[in-house]
Amino acid sequence: MATHVSEAPTLQRTPLHALHLARGGKMAPFAGYDMPVQYAPGVLKEHLHTRAAAGLFDVSHMGQIALRPKSGKVEDAALALERLVPQDIVAIAPGRQRYALCTNACGGLLDDLMVANFGDHLFLVVNGACKVADEAHLRKHLADTCSIDVLADRALVALQGPKAATVLARVCPEAPGMKFMDAGSQQIDGVSCFVSRSGYTGEDGFEISIPAAQAEAVVSALLDDPDVMPIGLGARDSLRLEAGLCLYGHDIDTTTTPVEAALEWSVQKSRRGVGARAGGFPGADVILFQLEQGAARRRVGLLPEGRAPVRQGAPLFADANSADPIGAVTSGGFAPSLNAPVAMGYLPTTHAAVGGLVFADVRGQRLPLRVSAMPFVPHNYKR
């Protein structure tokens, strides 16, 4: 009798999939896509190369969405989006972008995203694992005032590192004139792209949205530069961890509020307390209260005192012998730039002061960690 074998779901491929294979990318599933984890040089060399020169990352698994106001006035799209996020979207000037958070009724985070003002519409970049739910959320709440266009026919890459501007200038002369969080249309090697001066490494750099049909040609032109190496998801994770940046689904999720996550800097005064458009977003009662009074726990940096990395999920204890955990590690690993392990996680605010000592349980051993300021490696943004 024949037995039915259920097949694994087919992985999607980015427009750069063939390029990754041709360059020796070691592929693995990520957010439903077949993505390069590393190339031949390996995670350590890719990481250090990005800090020293320039690395090129395929992030086409992320969602790209145009939010177009039905009235034709971009301010109406901004006001509509403010019903879903605690950020000041109206104040984003044309040609600029801002980090934002989609909140739920409990003040938890549905996603973190980038929002750019492209003059007549807003351009959103959302996390790959959340993009289907994000699109549905936008359609449910904003379809009365906006059309929501998923830009599925575009690749997205990040060019990151201290030499990124010099490299990009060779094919896009306007690039060096951009400042951190500038965003808009630019010609790259004759191809019309969306470019922002931003990224997820803590380094100076650019995120570039390219029509899928031209993506391989544009990326190949960038990789032809001897200062540029292709970088996989492994080094992307170690770079963002050194930079103290959150990974959705790990350091932030539906159970963490902006204040608990130490992201209150992203909530502008206009949306707080007595601000011009205070509240009016999901979970406003919880978030506004915590902005005034603080939260019971907080995301903190952690430096293990030994050489052993402390990974996601490790419980944290107040001392070497206590029975009940007080928190947990949400991201952790080796930091190549520091030649030492680093981690981040949540602790009660009573234990969150920099310099405090806590203990992680790793395979039955209690390992000491010091609470640390973040980022672990200074940011190098060009403001």
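What follows is calculated from the coordinates using simple rules that are stated; it is not laboratory data. No experiment lies behind these values; they were computed from the predicted model shown. Note: ideal-geometry Cβ built from the backbone for every residue, glycine included; neighbour counts use all protein chains shown.
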Going by a ≥ b ≥ c, the root eigenvalues of the Cα gyration tensor, does region 296-377 fall in the rounded group (a/c under 1.5), the prolate group (a/b larger than b/c) or the oblate group? oblate
Vicinal HN-Hα couplings computed from phi for region 333-341 (Karplus, 6.51 cos²θ - 1.76 cosθ + 1.60; Hz; Gly/Pro x): x, 8, 9, x, 5, 9, 6, 7, x
Among the listed pairs LYS26/LYS382; LYS179/LYS269; LYS73/LYS382; LYS163/LYS269; LYS73/LYS140; LYS45/LYS382, which are separated by more than 26 Å between their Cα atoms? LYS26/LYS382; LYS73/LYS382; LYS163/LYS269
Checking understanding here: applying a Kyte-Doolittle mean of at least -1.0 and a length along the axis of at least 15 Å (C-alpha), which whole DSSP H helices in the chain pass? 131-142, 212-223
So what's the gap between the Cα centers of region 311-337 and region 175-210, to the nearest angstrom? 37 Å
Run through region 159-234 and list the trypsin sites (Lys or Arg not before Pro) located in a DSSP loop whose Cβ has at most 15 other Cβ atoms within 10 Å. ARG170, LYS179
CD proxy at 222 nm, helix term only [per DSSP H run n ≥ 4: -39500 (n - 2.57); per residue of the chain; nearest 500]: -5500 deg cm²/dmol
If neighbour count is taken as other Cβ atoms inside 10 Å, put CYS246, CYS106 in order from fewest to most. CYS106, CYS246
Restricting to Cα pairs under 8 Å and 6 or more apart, the percent relative contact order of the chain works out to 17 percent
By DSSP, what percent of the beta bridges with both residues in the chain are antiparallel, rounded to the nearest 5? 95 percent
Residue exposure sequence - MET344, MET374 - by fewest surrounding Cβ within 10 Å: MET374, MET344
With the cut-off at 1.5 for a/c, could you classify region 100-192 from its C-alpha gyration tensor as rounded, prolate or oblate? prolate
Using Cβ counts within 10 Å as a stand-in for footprinting exposure, how do SER266, SER238 rank, fewest first? SER266, SER238
